[in-house]
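Written below as C-alpha cells is the structure these notes are about.
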Amino acid sequence: MPGMDRRTLLALLPAALLSPGAAGPAWAQSPALTERDRADIARAEAWLGALRTLKARFLQIAQNGAAAEGTAWIQRPGRMRFEYDPPEPLLLVASYGQFFYFDRQLKQATTLPLSSTPLGILLRDEVRLAGDVTVSRVERSGGLLRITLFRTGQAAEGRLTLVFNESPVELRQWAVVDAQGHETRVTLYQPEYGGRFPAILFDFNDPRFRDELGIPQ
C-alpha cells in the first residue's frame, strides 16, 4: 500500500477553505438551494452546535489510496486532538485558538491559527453554517446527508464536504478536495459521546513535545 505523504496529511488543514477575515455574510448559501436543503443544513448546524465531546477512531484515505488510522478527541468549543497510529508519526492538536502539527519522525512542529483551517468550523463556540463560506450543494443518498462548501468567491481553491447520517443526524465523515482536485477523506467510527478528557490531551506545551524537539525546559 502506498505511504501517506506529509502533504496529503496536511490536507486536513487547507487554509484556503477558511481564510480568516474573509468578507461576506457568515456562510452564504447558494441561491440554488431548496427549502429542504436549508432545513437539512439547519439540522446539521444544530447537531454540531449541541456536540460537546466526542472520541472516535478515524480512517484517512488519500487520493492515491494511501491510508492512515488513529484516534480523535473533540471537545467543543475549541479543542481537538488527532493522534495517528504507528508507523505514522503525526499528531494534530487544536486549542487556545491554534492548530499544532507535530511530526515526531522529522522532529518538526508547526502552529497556525485554528480559524485558518476547515476543521475550525466544527470547533466554533457557535456553529453557524452561513457567512464567509458558501454552501454549494446538499445531497442525500444511502441514508447519508452531504453538505459541500467552499470559501465564498474562491471555489477554485478547493472544497470541503461534511457527511452526516441523515436520520438521526450525526457526523460520519468529511472530504477535502484541494485546488489540484486531490481528495482526502476522513471517516469517523466507534464514536463515544459525552466523555470527560484530561486537559493535557489538548496541551501542545506538554513537556514531552519539548523534549522531543530538543527545547530546553
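A short reminder: the numbers here are calculations on the coordinates, not readings from a lab. This one's a predicted model, so the numbers in the text were calculated from it and none came from an experiment. Every residue, glycine among them, receives a Cβ derived from its backbone with ideal geometry; neighbour counts consider all protein chains shown.
Some points to look at:
- Highest average first, the peptides 186-197, 54-65 ordered by how many other beta carbon atoms sit within 10 Å of their residues are 54-65, 186-197.
- DSSP-loop trypsin sites (Lys or Arg not before Pro) across region 65-128, with at most 16 other Cβ within 10 angstrom: ARG104, LYS107, ARG124, ARG128
- Computed from the C-beta positions of LYS107 and TYR193, the FRET efficiency with R₀ = 41 Å rounds to 0.70.
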